[in-house]
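Report on one structure; see the data block that follows.
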């Protein structure tokens, strides 16, 4: 017989690692069920009715402002919003990206959105985004939020 998970440092079935039974189990179910997110503590998951959280709304507002022909990386969006991480932005985009020009948010390497790379490349090329093969030329296409549109920096 092996060591019980509670003594081996693992989680019991039906709980999240590090969360005990009882009230902890209820918290774990809520976190896993999509009501809240531990991702950067920003609640990026859909809240009842599918409406974006306040953080998600900020991310979507930034993405909506990216002009055609320009892009931001997931990390750029998080930095511009002033909180969160590239992963938190990715979580928002995976749930609500269809509401905004999602193709304009790319990986920091210039690779298109991993969920639909072919479609993203098609849309980016149609907008005239500077490309290097199947990657965005980030030096030429990165948008800085309109801080200095004359120079693009």
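The values are calculated or read from the model by the stated rules, or taken from the named source; none is laboratory data. Remember, it's a predicted structure, so these values are computed and weren't measured experimentally. Counting neighbours? That spans all protein chains shown, and the Cβs are built from the backbone with ideal geometry, glycine included.
Brief remarks follow.
- Residue in the range 56-71 that is surrounded by 19 or more Cβ atoms within 10 Å (Cβ to Cβ), free of Cβ contacts under 8 Å to residues at least 60 places away in the same chain, out of contact with any helix residue (DSSP H, G or I) (no Cβ under 6 Å at 6 or more places or on another chain) and closer than 22 Å to residue 134 by Cβ present: yes
- Test: residue in the range 123-132 that is more than 22 Å from residue 147 (Cβ to Cβ), modelled with pLDDT under 95 and in contact with a strand residue (DSSP E or B) (Cβ under 8 Å, 6 or more places away or on another chain): no
- Residue list for the range 108-120, restricted to those being assigned to a loop (DSSP other than H, G, I, E, B) and surrounded by 18 or more Cβ atoms within 10 Å (Cβ to Cβ): 110, 112, 113
- Within the range 121-133, the only residue that satisfies the criterion of being part of a strand (DSSP E or B) and farther than 17 Å from residue 67 by Cα is 132.
- Test result for residue 40, surrounded by fewer than 20 Cβ atoms within 10 Å (Cβ to Cβ), in a helix (DSSP H, G or I), at pLDDT below 95 and out of contact with any strand residue (DSSP E or B) (no Cβ under 6 Å at 6 or more places or on another chain): yes
- Condition check for residue 106: modelled with pLDDT of 50 or more, within 30 Å of residue 133 (Cβ to Cβ) and touching a helix residue (DSSP H, G or I) at 6+ places or on another chain (Cβ under 6 Å): no
- Residue in the range 44-52 that is crowded, with 16+ Cβ neighbours inside 10 Å and at pLDDT 95 or above present: no
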